[in-house]
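Report on the structure given below.
Here, each number is a calculation from the coordinates, and none is a lab measurement. Here the structure is a predicted model, which means the values were calculated and not measured. No Cβ is skipped: glycine too gets one built from the backbone with ideal geometry, and neighbour counts run over all protein chains shown.
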Amino acid sequence: MSVESAGGQPVPNDAYVGGSGSPLLLLHGIGGSWHIWKPVLKGLEARHRVFALTLPGHCEGPDCAIEGDATVGGLADQVIQMMAARGVTSAHVAGNSLGGWLSIELARRGFARSVTALSPAGGWSHISSFEQIRKRFRLFFALMPFILFLASPFLRFAGFRKLLGAETMEHGDRMPADEFRYSLRAMVKTRAFLGLLRTMGRDGPVGAISPARIPIRIAWSEHDRVIPFEKFGVHIMSSIAGAEKTIVTGAGHVPMYDEPEQVVAQILEVTTRTEREEAAAVHGSLAA
């Protein structure tokens, strides 16, 4: 199955590639797919060659390379391999939730030129906070096939989509019915879901990066009900020396449909500043 980029070129449904310019990698959250980035693709493609991947072990994504339960580190390593297969060995990276955690790990591995992490996962200060999230997600995953079956006839109603998506978005009604249905189906088909929940508690929280070698922006959604900053953001900010904190106002945990213009601006501010500083450094070294 394939979709078309903004330039009209067919691409596999496990990834989206479009635009021109320096490479920008987009990474979604657990149980998601690259589709969640659709509201911001056009704005980002104006400046970048955009690579939105569906993560290994997720709906229509490749299988995980490692045997057994998926891990954040294993996903990060495999994403680097997936990008290398596309001829990209370094890129700006933006990610949401699990994708935000992965973006930080890609910085640690030297792949990322810059990072914009939107409400990144992996930031609990106490394991009890993660255990609460894990229990909720396990229950949600177990119920999702029934939710998908029962909710499908009503997804054509914007008010119903807003209600059903209220945990993760302020404006679930802005997601078209077909995309909303696909997002539910993607959750059901996430093969790595339970394995990741098992290993995250063992491998997390996010390890220290001191000092950060590249610009890292932590952009937290103002109305994040899934992982509020007070419980899940403080550790990340203290673990990454020099990280910049900003707020995506008016947005829930998954902000791309809530505030697409803000999300685009948050990412482009970081990538533009990074490239300007890189160019200045090169000019300075040549002039020396």
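What distance in nm separates the simple spin-label points at Arg136 and Val234, each placed 7 Å from Cα in the Cβ direction?
1.8
From the cross-link list Lys38/Lys162; Lys135/Lys231; Lys135/Lys189; Lys162/Lys245, which pairs have alpha carbons spaced over 24 Å apart? Show your work: numbers first, answer last.
Values: Lys38/Lys162 18 Å; Lys135/Lys231 16 Å; Lys135/Lys189 19 Å; Lys162/Lys245 28 Å.
Check vs 24 Å cut-off fails for Lys162/Lys245.
Name the long-range amide H neighbours of Ser22: under 5 Å, sequence gap of 5 or more, or other chain; modelled H, no Pro or chain starts.
Counting only residues 5 or more places away or on other chains, the set is Arg49.
Can you work out the FRET efficiency for the pair Asp203 and Phe157, with r the C-beta to C-beta distance and R0 = 41 Å, to the nearest 0.05?
Details: r = 40 Å, r/R0 = 0.99.
So, using R0 = 41 Å, E works out to roughly 0.50.
For Cα Rg over 2.2 N^0.38 Å, one of (1) 0.96; (2) 1.41; (3) 1.17 was computed from the structure I shared and the rest are decoys. Which label?
(1)
If R₀ is 22 angstrom, what is the calculated FRET efficiency for the pair Ala46 and Glu179, using the beta carbon separation as r and rounding to 0.05? Show your work: numbers first, answer last.
Working: r = 22 Å, r/R0 = 1.00.
My answer for the efficiency is 0.50.
How much net charge surrounds Ala212 when only the other residues with a Cβ under 11 Å from the Cβ of Ala212 are counted, with Lys and Arg +1 and Asp and Glu -1?
Details: positive: Arg108, Arg213, Arg217; negative: Glu244.
Counting the neighbours of Ala212, the net charge comes to +2.
Quick one: Karplus J couplings for segment 268-277, per residue in order, coefficients 6.51, -1.76, 1.60, θ = phi - 60°, nearest Hz, x for Gly and Pro?
Running phi through 6.51 cos²θ - 1.76 cosθ + 1.60 with θ = phi - 60° gives 5, 4, 6, 5, 5, 4, 4, 5, 5, 5 Hz.
Given a Förster distance of 35 angstrom, what is the FRET efficiency for Arg109 paired with Phe149, based on the Cβ-Cβ distance and rounded to 0.05? Don't skip to the end; give the middle numbers.
Numbers: r = 40 Å, r/R0 = 1.16.
Once the sixth-power term is evaluated, E becomes 0.30.
With label points built 7 Å along Cα→Cβ from the Cα atoms of Leu194 and Ser22, find their separation and express it in nm.
Computed distance between label sites Leu194 and Ser22 equals 4.3 nm.
Over what distance in Å are the Cα centres of segment 209-243 and segment 152-197 separated?
When both Cα centres are located, 26 Å separates them.
Given the peptides 78-86, 241-249, arrange them by the average over their residues of other C-beta atoms within 10 Å, most packed first. Mind showing how you got there, number by number?
Details: 78-86: 17.0, 241-249: 15.2.
Ranking, from highest mean packing down: 78-86, 241-249.
Please list, in order along segment 195-201, the HN-Hα scalar couplings obtained from phi with the Karplus expression 6.51 cos²θ - 1.76 cosθ + 1.60 (θ = phi - 60°), rounded to whole Hz, x for Gly and Pro.
Calculated HN-Hα couplings, in order: x, 4, 4, 5, 8, 4, x Hz.
Taking other Cβ within 10 Å of each residue's Cβ, how do His28, His48, His223 sort, fewest first?
Going from least to most buried by this count: His223, His48, His28.
Determine the sum of side-chain charges near Ile133: Lys and Arg each +1, Asp and Glu each -1, restricted to other residues whose C-beta is under 15 angstrom from that of Ile133.
Details: positive: Arg134, Lys135, Arg136, Arg138, Arg198, Arg202, Arg225, Lys231; negative: Glu131, Glu167, Asp203, Asp224, Glu230.
That works out to +3.
Excluding Ser103 itself, what net charge comes from residues whose Cβ is under 12 Å from its Cβ, given Lys and Arg +1 and Asp and Glu -1? Provide the component values of the computation, followed by the final result.
Numbers: positive: Arg108, Arg109, Arg113, Arg217; negative: Glu105.
So the environment of Ser103 carries a net charge of +3.
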